[in-house]
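Inspection log for the structure reproduced underneath, given as structure tokens.
The values are calculated or read from the model by the stated rules, or taken from the named source; none is laboratory data. Bear in mind that the values here come from a model prediction, so they are computed numbers and not experimental data. For neighbour counting, all protein chains shown are included, and Cβ atoms are generated from backbone atoms with ideal geometry for every residue, glycine included.
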Amino acid sequence: MPDLVLLHGFTQTGRSWQPIGHALAGRYRSAAPDLPGHGDFAERRPASFTACDAYLRALTDEPFTLVGYSMGGRVALHAALSLGDRVRRLVLVGASPGIADARERAQRAADDAALADRIEAIGLDAFVREWGAQPLFDGIPRGIAERIDADRRRNTAPGLAAALRGLGTGVMPPLWDRLAELAMPVDLVVGERDEKFRAIAAEIAERAGDARVHVVAGAGHAAHLEAPDALVELLGR
């Protein structure tokens with residue numbers, strides 16, 4: 001049974017964690033599942049936070065360290081509040097507790113629904129090109145960007161559309177007011193160039209009990225992919 005669970009971001013798959021899982025193999029038994037709508041389980045699981053919680057409950061009976069990046073971070077945060085002491089340590093990479101303002105959240109849900117429709121209309125290849133061209137991912141070294149692109153192409157257009165509709169930021173209940181309930185240590189990992197999520201991490205740290213922010217020098221939003229050694233060092237402490 002795993003004692004380290006790694007949850008990937010939107011458009012990625014569990015394979016994106018392979019460098020970190022391999023580096024920690026001597027210390028952890030790790031699992032990096034494909035989340036609903038992604039990879040091998042693109043259309044086999046309902047895309048919902050409830051489904052993710054149920055999967056994690058069934059994965060192991062023992063306490064484990066839970067790591068999540070971006071969308072996977074939202075899932076991990078939701079699961080940590082649901083599973084309680086089953087999660088002994090929570091590590092969030094470039095993640096947010098959601099959108100607090102109801103009007104902004106409704107607009108984001110509408111935007112995500114429209115994007116889901118677009119994914120189905122233009123197909124996987126065109127969408128992957130569009131998604132990877134966002135300023136959010138500027139500065140990723142070419143070799144790493146190519147690996148990220150190859151991983152994204154393991155998905156399907158219907159699967160990614162379902163993930164947006166079921167696990168998008170707009171449909172997620174905001175968890176800002178519940179951060180103080182987190183009983184486990186929380187590590188917030190953000191890239192130095194990711195200004196938006198650095199600010200979010202600082203606010204999470206103020207509200208959560210035992211939380212600390214770790215800024216990865218030179219990295220952007222995908223800090224665990226751009227500088228995996230930094231996360232390996234943090235998890236190995």
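For (1) in contact with a Lys or Arg (Cβ under 8 Å, 6 or more places away or on another chain); (2) under 18 Å from PRO33 (Cα atoms); (3) at pLDDT 95 or above, each residue gets a yes or a no:
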| residue | (1), (2), (3) |
| --- | --- |
| ASP117 | no, no, yes |
| ILE122 | no, no, yes |
| PRO135 | no, no, no |
| ARG142 | no, no, no |
| ARG152 | no, yes, yes |
| LEU167 | yes, yes, no |
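Considering ARG198, ARG154, which residue is out of contact with any Phe, Trp or Tyr (no Cβ under 7 Å at 6 or more places or on another chain), of a type outside the set (A, V, I, L, M, F, W, C), under 20 Å from GLY9 (Cα atoms) and in a loop (DSSP other than H, G, I, E, B)?
ARG154
From ALA163, ALA201, ALA157, which residue is among the hydrophobic types (A, V, I, L, M, F, W, C) and in contact with a strand residue (DSSP E or B) (Cβ under 6 Å, 6 or more places away or on another chain)?
Values: ALA163 fails: in contact with a strand residue (DSSP E or B) (Cβ under 6 Å, 6 or more places away or on another chain); ALA157 fails: in contact with a strand residue (DSSP E or B) (Cβ under 6 Å, 6 or more places away or on another chain).
Answer to the selection: ALA201.
May I ask you to list the residues in the range 185-234 that are farther than 16 Å from ILE140 by Cβ, in contact (Cβ under 8 Å) with a residue 24 or more places away in the chain and basic (Lys, Arg)?
Passing the criteria: ARG207, ARG212.
Out of PRO173, PRO158, report the one residue that is under 29 Å from ALA106 (Cα atoms), in contact with an Asp or Glu (Cβ under 8 Å, 6 or more places away or on another chain) and surrounded by fewer than 16 Cβ atoms within 10 Å (Cβ to Cβ). Quick ask: steps written out before the conclusion?
Working: PRO173 fails: in contact with an Asp or Glu (Cβ under 8 Å, 6 or more places away or on another chain).
Result of the check over PRO173, PRO158: PRO158.
In this structure, is SER48 over 20 Å from LEU225 (Cα atoms) and under 18 Å from the mean Cα position of the chain (by Cα)? Give the steps one after another, and end with the answer.
On the way: over 20 Å from LEU225 (Cα atoms): yes; under 18 Å from the mean Cα position of the chain (by Cα): yes.
Yes.
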